[in-house]
Structures are given as structure tokens and as C-alpha cells.
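The values are calculated or read from the model by the stated rules, or taken from the named source; none is laboratory data. These figures come from a predicted structure and were not determined experimentally. For neighbour counting, all protein chains shown are included, and Cβ atoms are generated from backbone atoms with ideal geometry for every residue, glycine included. Side chains are part of the model used for accessible areas, which takes the heavy atoms of the whole protein and leaves out ligands, DNA and RNA. Shrake-Rupley method; radii C 1.70, N 1.55, O 1.52, S 1.80 Å.
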Amino acid sequence: MAVNITSIKTASNGIWQHDNPLNFAFPLLIIQTTLILLLSRLLSFVLKPLRQPKVIAEIIGGILLGPSALGRNSSYMSRLFPTWSTPIMETVASVGLLFFLFLVGLELDIRSIRRTGRRAFSIAAAGISLPFAGGVGVAFILRNKVPGADQAGYLPFLVFMGVALSITAFPVLARILAELNLLTTPLGETALSAAAFNDVAAWVLLALAVALSGAGQHTSPLASVWVLLSGLGFIAVQLSAVRPVMTWVARRAEEEGVESEAWICLTLAGVLLSGFATDFIGIHSIFGAFVFGLMVPKEGEFCGRLMERIEDFVSGLLLPLYFASSGLKTNVAAIKGAEAWGLLALVVGTSCVGKIVGTSVVAVACRMPVREAITLGVLMNTKGLVELIVLNIGKERKVLNDEIFAIMVLMALLTTFITTPTVLALYKPARSTNLPNQRKLQRSAASSPSSVADDPKELRILTCVHGPRDVPALINLIETIRCNTPKSRLKLYILHLVELTERSSSLTMARRARRNRLPFRNPLRRDSPRDQVAVAFEAYAQMGRLRVRPMTAVSAMPTMHEDVCAVADEKCVSLLVLPFHKRWLGGEVENLGHAWRAVNQRVLRNAPCSVAVLVDRGLGRAGSAREICVVFLGGPDDREALELAERMAEHPGVGVTAVRFVAEGPNITLRPSAKKCSEETYTFSTAVMDREREKELDEAAVTAFRRRTDGAVKFEERETGAAGVLEAVLGIGRSGRYQVVVVGKGRFPSVMVAELAGRAAEHPELGPVGDALTSSASGVVSSVLVIQQHDVVHSEETPVSMVLNGEAKVIDVVEEVSG
């Protein structure tokens with residue numbers, strides 16, 4: 001039944017006046033938006049382990065809301081998505097789409113395209129030409145096989161199909177590359193540049209298709225020519241007049257800083273006017289917004305400030321409405337019979353083969369390795385939002401009917417879905433690995449100076465930071481280690497860990513903060529709010545006359561540890577400092593979440609050097625750590641902790657107390673068990689170890705420590721039973737005498753540590769003693785530093801059993817078996 005949209009009221013009078021809010025435009029739009037957001041976020045959470053871009057979840061969510069799934073219920077459709085509400089929702093969604101294409105233009109840096117030169121242009125040209133020709137061929141088949149497909153004009157139909165199969169979704173591709181940590185590799189840069197060429201060509205072809213589809217029976221045949229000429233005139237005006245103006249606006253906005261609201265509002269008005277201009281010409285309004293985004297200068301802070309102001313509202317709220325409106329038009333049930341599904345397979349196959357073969361052949365001709373060339377072809381086959389835009393415009397212009405529209409939407413979904421797993425299977429870039437020298441603090445007679453480190457007397461430390469709140473505690477910790485004497489110098493690297501998100505600003509930050517897949521020091525943009533961490537450490541460096549090198553790692557959480565380990569390896573650091581995922585602030589515990597805990601766990605497993613985990617209990621408020629206590633129970637990790645304590649003792653303002661526990665206990669042996677590994681169990685190493693030799697090494701380490709720190713360290717030796725060791729250590733932490741308690745993780749356990757293996761673990765990655773000191777119920781007031789010594793031998797985790805006095809007693813512990 002036709003509805004006069006002018007009779008639809010905006011707001012209801014309320015339920016108490018017998019008005020149903022779902023019969024009014026604005027309340028219904030609120031319900032629709034809420035439903036769309038909830039479903040898209042739920043699907044995004046479900047697909048996150050598969051490392052799929054958010055666009056996949058939003059497309060699937062739109063399809064589920066439409067006639068393909070929930071829309072089969074007529075009551076649901078008539079109440080929540082009545083036909084009269086469609087123009088309203090599409091209008092709001094179109095505003096979001098307009099500004100999203102402006103964001104795409106902001107992301108696209110023309111200068112980066114120029115740097116890649118002919119190589120990217122050749123790859124892009126081949127990646128467009130072959131699938132475009134394939135799309136034209138498929139169009140002939142669809143036109144003959146699909147009922148009603150021949151109702152559209154011949155030429156517009158061919159062009160729309162060619163564009164739909166040849167397009168590469170630049171925004172989606174950029175996010176996939178960032179997720180896979182390939183954004184700044186040669187492969188990623190080539191893919192982005194080729195995709196940028198592809199995008200520009202696709203928009204030109206789309207403008208042509210729109211112009212051709214607008215030339216109907218009642219318009220002049222020259223109308224499409226005038227549309228194209230007007231479009232070229234629009235681009236010329238943008239380049240000659242708008243671009244210089246936007247350069248001036250950006251410069252003024254940066255000069256005014258936070259007072260630049262007027263210039264941002266002026267820019268947003270320019271987006272709307274550019275969209276209106278291209279719509280007035282006869283080309284879709286999104287073309288104008290995209291071109292205007294290209295005109296905004298990418299250097300400086302103005303571009304990033306624009307992204308931050310609009311990206312959350314546009315990408316988080318308005319854009320999902322566009323996917324939902326596309327899903328409401330997609331009826332998978334329109335694909336009926338084996339022949340129709342065969343046509344879908346034909347379209348998907350043609351798209352994949354055309355794009356992958358066309359791209360990879362030319363890439364190989366440009367001297368790219370075959371595996372990389374094929375990977376590049378797979379990446380260039382990414383579809384997504386841009387594909388949906390093309391298809392929606394084709395449906396609006398009645399060039400594509402319901403069945404072809406559904407086939408093409410499913411093709412876009414499938415080709416994008418397979419991109420990430422295919423790239424992961426095909427391409428595994430190699431990292432250079434330095435020699436395992438100078439990778440731990442403890443001195444060894446076998447270690448010798450090498451070119452790996454610039455100076456064997458120089459201690460290199462990499463400190464990871466989650467955010468500004470970590471800075472005071474880490475600075476105080478570094479201050480206790482710092483002692484710039486001719487005998488002992490410190491070089492500090494700071495790695496600010498930032499989670500990669502779907503936001504455009506996050507992507508731009510990742511591109512600026514990385515070079516060839518690794519974080520690097522970028523001295524620009526220091527006054528940006530993002531760089532408060534770097535500013536704080538550089539100020540500390542100037543006051544303390546210390547060499548500090550700040551970097552930023554913008555990575556997805558599952559691959560964050562790769563950045564940390566790669567930087568540690570490249571910089572040849574001996575100690576890597578990680579902040580614990582929990583912070584104690586004035587009696588309250590701030591938990592950063594399981595994702596950050598998992599990052600620490602992966603770093604501990606894969607680090608190429610010794611690792612220290614700092615559990616902050618107010619160290620940042622202490623001014624500086626004046627009193628340190630190191631607990632020695634025996635084993636390599638404890639010897640490493642003793643070495644660090646010796647370094648701290650060199651600082652004239654730090655008092656160090658070393659407490660050694662000596663206890664005799666039963667003969668304990670760890671052996672593999674059939675039990676499954678659990679996150680609630682400790683990890684130990686059952687690599688073949690000579691216990692007598694370990695005792696000798698412990699004695700030698702203690703003797704050397706006391707000799708080298710004679711008079712500078714207070715040394716205590718306590719004899720206690722194995723059962724009383726834990727209470728004694730907790731007593732040290734509860735006493736309040738020490739700002740920091742330093743302990744070893746105990747992966748190669750002494751008798752005392754091994755007996756603690758059976759206790760329930762809250763934070764198993766810290767080892768039994770570190771976990772006990774960190775437990776929320778421990779009553780400990782000191783900050784804790786847990787040390788894990790680097791072991792060159794690769795380890796695998798497997799459950800073990802503990803043999804006590806010859807009798808096997810199976811407990812839930814985990815071993816690290818040398819591989």
C-alpha cells in the first residue's frame with residue numbers, strides 16, 4: 001500500500017496519549033539504529049577471532065535484518081522496517097556515507113602514490129583491466145540467463161558489472177593490511193598505492209556509469225557527455241581553487257590550535273557543498289565528497305584533527321545504517337535454483353581469477369617474488385563498502401534487478417571474507433634475527449663483545465608503555481637502574497603500545513609510526529595528544545642526561561607481541577620491561593583487561609632477551625624508589641634478579657637489601673604429564689639440569705654479588721623451611737619498608753619454588769613467588785618486579801607431574817620443554 005510520506009509525523013505524543021512510537025519517524029529511526037548497532041557489534045565480536053574487518057560483520061548484519069532472514073516475517077518488517085521509513089533511514093545513512101567518503105579521501109595521500117611510480121600504476125592497470133573485461137563477459141551471460149536483467153540499458157549494465165568486479169576497496173584493504181602488520185612493508189605499500197590508483201579509476205568509471213544510466217529515453221543522448229564534461233570541470237576547480245584554499249585553512253587552523261573550531265566547521269560545510277555540486281551535475285554526491293577529501297593537505301595536524309572529530313560518529317553510528325539499508329534490499333531467496341547459484345559461483349570465480357591473475361602476472365613482470373605477487377593479487381581482490389556503493393547506485397538507477405543485486409552482494413562478501421585467511425596462509429614475511437649475544441644482564445665467561453651491541457659496557461633497555469598513567473612508575477624504576485658512569489651506561493628505548501582499531505585516525509597513526517613493518521622513531525607531531533608518553537620520557541631524558549629513543553607500535557592485539565619482540569631484537573636490548581595489566585591506584589585496582597595480559601604472556605614466551613614485569617602499587621607516586629629488596633631463592637631467574645639489583649646498588653640514592661633464603665627440602669623432580677595445559681597453572685622448565693651445578697652457580701653468583709657490592713648492599717641470609725619461605729617473602733612485601741620487591745620468575749625452580757607449584761595460581765605468568773606477591777588478597781603494599789632470564793633454547797609448554805620422595809604426585813603445573 002502506497003504511503004504519502006508527507007503525512008508521516010516526526011515525533012509522537014507519547015504512549016499515554018495512545019500514540020504508538022513506531023508509527024512516527026524519529027522514534028522508529030531510534031529503534032532501527034539501536035537494533036542495527038547491536039547486531040553489527042555482536043557479529044563483529046563473533047568474527048573477531050577470524051580477524052575479519054568490521055565491514056564483514058556490518059554486511060552480514062544488514063543481510064540478516066533484510067528479507068533474506070528476519071525479513072521473512074511480515075509482522076517484523078511492517079513494524080520495524082515499514083516501506084515508508086526506508087527513505088528516511090537512507091537519507092540519514094547517505095549523510096554518513098557522504099562523510100565516510102570524505103574520510104577515505106583524507107586517508108588517500110596522492111604523494112604516496114607518486115612515490116611508487118610506474119610499478120604500482122602498472123599493477124593497478126592490470127588489476128582493473130582483466131576483471132573489468134571479465135565483468136563485461138559475465139554481464140552478457142547474466143543478461144541472457146537472469147529474468148528481467150535485459151530491462152536495463154545495455155551499455156550502463158556492462159559498465160556497472162565491469163566496475164563491480166574490478167574495484168578494490170581501499171579503506172577495507174588498508175585495515176586488513178594494518179591488522180596483518182603489513183601496512184608499511186614493501187608489499188603493503190605497493191598494495192595501497194595500486195589500490196589508490198584503482199580507487200581513482202573506479203570512481204571515474206562509476207561517474208561514467210552514472211552518467212550513462214541517467215541518459216534515458218526522455219533525455220538527450222548528449223546528456224551523458226555533458227555530465228562527464230561537467231565532472232571534469234568540477235575536478236579542475238577543486239585542483240586549481242579549492243586545494244590552495246584548503247592548504248591556507250589547514251595552516252591557519254594549526255596556528256590557532258584548539259581555537260580552530262571555525263575552520264573545521266568550514267571544512268565540513270565544504271564537504272556538503274562538494275556533494276551537492278556533483279549531485280547537481282548528475283554524478284552521485286559521494287564523488288564530490290571524495291574529491292574534496294583529496295584536496296585537504298595530509299601533512300600537519302589538521303587532517304588528523306578532522307578525522308578524530310567525525311570518524312566515530314560517522315563510522316560508528318551512521319555507516320552501519322547504510323549497510324542495513326543495503327541488506328534490506330538484498331534478498332538471497334531471489335537466487336533460486338542450481339543455475340542461479342552456478343551464476344554466483346561464476347561471478348565469484350571471474351572476480352577472483354581476473355583480479356588475482358591480472359595483478360600477479362604484472363607484479364612478477366615487475367620482479368616481485370611469485371608468492372608475494374599472488375598475495376598482492378589476493379589483497380587487491382578485497383571488496384566491501386565501495387562495492388556496496390556501486391551496487392546500490394546500480395539498483396537505484398534500475399540497472400541491477402533484485403537477483404543480480406543479491407548475487408553481487410554475496411560476491412563482495414565472499415571475496416573479502418577469504419582475503420585475510422588466504423594472505424595468512426600464503427605470506428609469512430621473514431624477520432632478521434640478531435645473534436643471541438648481550439641478551440641478558442648476568443655476566444658470563446662465555447659471552448664476548450660483538451658487533452651486535454655498539455658498546456659492551458652499555459646497557460640497553462626497552463620499556464613498553466600502555467599509556468600516560470604508566471609513565472611515572474616506569475620513570476622511577478628506570479631512575480633506580482640509571483647510573484651513567486664510564487663503567488656503566490644506559491640507553492633507553494620507549495615503545496608506546498597502541499591498539500589498532502577500525503578508526504581512520506588509528507590507521508593513519510599506524511602508517512606514520514611504522515617503517516618496513518617495524519615501529520621507528522618519528523620526531524614529528526610531538527605536541528599531539530597521542531605523544532604525551534614520548535614527551536614525558538624526552539623531558540626526563542633532558543633532565544637526567546640520558547639517551548632515550550621513543551617509538552610507537554600501533555598493532556592489533558594478537559600481533560602486538562611481534563612488534564615488541566622485533567624491536568627488542570633489532571635494538572639488541574638486554575632487558576625488556578613490561579607494565580603489568582593491573583594497576584593499584586589508591587586502594588582501587590585498575591584492570592586493563594585480558595587482551596593486554598595475553599600480550600604480556602606472549603612476550604614472555606617469545607622475547608629475545610630477559611624480561612621484567614612491573615606490578616605498580618604506587619611506585620609512580622613515591623617520587624623515586626629509594627629502598628629496593630631483592631629476594632634470592634636460587635635458579636637462573638633469581639641470578640638475573642641479583643644482577644639487576646647490583647646495577648641498582650650503583651645508584652647513590654638507592655638503598656638495596658638482598659635477602660637469600662636457604663632451605664633444605666625433599667627431592668623433587670618434574671616430569672611430563674598427560675594432563676591438559678591450563679591458564680591457571682604455573683610454567684616450569686624440565687630441561688635437563690644438573691642440580692649440583694645449579695647450586696654451584698647460585699653460590700658463585702651470591703659470592704660475586706657480595707664482593708662487587710661490598711658495603712653498598714645490606715645482605716641477609718635466612719634459613720627457613722620450604723613451607724615458610726612464602727610467608728617470609730610476603731612479610732617483606734607487607735612491611736612497607738621497600739618501594740620495590742624484586743623476585744625471579746623461577747622457571748628453573750629451586751626446591752623451595754618447586755614446592756609452591758601446587759598452589760592455585762591467579763597470575764601464572766609471574767611464577768609462584770611473583771604471583772603470591774601480586775595477588776589481590778596478599779596484603780602486599782610494595783611494587784613488585786618479576787624477572788625472567790633469557791634462555792636461547794626454544795621452549796614448548798606441556799603439563800608435568802611432580803615426583804616427591806620417589807612417589808609420583810600429579811599436580812597442575814606446566815613445563816617448558818626445550819625443543
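Of everything in the stretch 351-377, what is of a type in the set (S, T, Y) and either modelled with pLDDT of 95 or more or closer than 27 Å to T184 by Cβ (or both)? Give them in sequence order. Of everything in the stretch 351-377, those that are of a type in the set (S, T, Y) and either modelled with pLDDT of 95 or more or closer than 27 Å to T184 by Cβ (or both) turn out to be T359, S360, T375. Looking across the stretch 688-728, the residues that are among the acidic types (D, E), at pLDDT below 85 and out of contact with any Gly (no Cβ under 9 Å at 6 or more places or on another chain) come down to D690, E692, D710, E719. Residues in the stretch 22-43 that are crowded, with 16+ Cβ neighbours inside 10 Å and not hydrophobic (A, V, I, L, M, F, W, C): P27, Q32, T33, S40, R41. In this structure, does R747 turn out to be part of a loop (DSSP other than H, G, I, E, B), modelled with pLDDT under 80 and not aromatic (F, W, Y)? Against the criterion (part of a loop (DSSP other than H, G, I, E, B), modelled with pLDDT under 80 and not aromatic (F, W, Y)), R747 qualifies.
Among the residues of the stretch 353-371, those identified as open to solvent by less than 50 Å² (accessible area, probe 1.4 Å) and closer than 14 Å to V423 by Cα are I356, S360. Checking A126, A223 one by one, the residue that is of a type in the set (A, V, I, L, M), more than 19 Å from L400 (Cα to Cα), in contact (Cβ under 8 Å) with a residue 12 or more places away in the chain and crowded, with 20+ Cβ neighbours inside 10 Å is A126 and no other. Determine, yes or no, whether I60 is open to solvent by 40 Å² or more (accessible area, probe 1.4 Å) and part of a helix (DSSP H, G or I). Yes: the conditions hold for I60.
For every residue, the table says whether it meets (1) farther than 22 Å from G162 by Cα; (2) open to solvent by less than 10 Å² (accessible area, probe 1.4 Å).
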{"position": "A191", "(1), (2)": "no, yes"}
{"position": "L212", "(1), (2)": "no, no"}
{"position": "L228", "(1), (2)": "no, no"}
{"position": "L232", "(1), (2)": "no, no"}
{"position": "T247", "(1), (2)": "yes, no"}
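Taking the stretch 86-111 as the range and being of a type outside the set (A, V, I, L, M, F, W, C), modelled with pLDDT under 90 and open to solvent by less than 20 Å² (accessible area, probe 1.4 Å) as the test, the residues that pass are G105, E107. Consider the stretch 592-607 and keep the residues that are in contact with a helix residue (DSSP H, G or I) (Cβ under 9 Å, 6 or more places away or on another chain) and open to solvent by 70 Å² or more (accessible area, probe 1.4 Å). The one that is farthest from H763 (Cα to Cα) is N606.
Being at pLDDT 85 or above and open to solvent by 50 Å² or more (accessible area, probe 1.4 Å) is a description that applies to L266. For the residues R79, R41, the requirement of being of a type in the set (D, E, K, R), in a helix (DSSP H, G or I) and over 32 Å from the mean Cα position of the chain (by Cα) singles out R79. Checking each residue in the stretch 760-813 for being within 26 Å of L730 (Cβ to Cβ), modelled with pLDDT under 75 and either of a type in the set (D, E, K, R) or surrounded by 23 or more Cβ atoms within 10 Å (Cβ to Cβ) (or both) picks out V800, K809, D812, V813. Considering only the stretch 316-335, I want to know if a residue exists there that is farther than 21 Å from E90 by Cβ, open to solvent by less than 10 Å² (accessible area, probe 1.4 Å) and not in a loop (DSSP other than H, G, I, E, B). Checked against the condition, which is being farther than 21 Å from E90 by Cβ, open to solvent by less than 10 Å² (accessible area, probe 1.4 Å) and not in a loop (DSSP other than H, G, I, E, B), the stretch 316-335 yields no hits at all.
Just wondering, is there one or more residues in the stretch 619-635 that are under 30 Å from the mean Cα position of the chain (by Cα), touching a residue at least 12 places away in the same chain (Cβ under 8 Å) and open to solvent by less than 10 Å² (accessible area, probe 1.4 Å)? Within the stretch 619-635, one or more residues are under 30 Å from the mean Cα position of the chain (by Cα), touching a residue at least 12 places away in the same chain (Cβ under 8 Å) and open to solvent by less than 10 Å² (accessible area, probe 1.4 Å).
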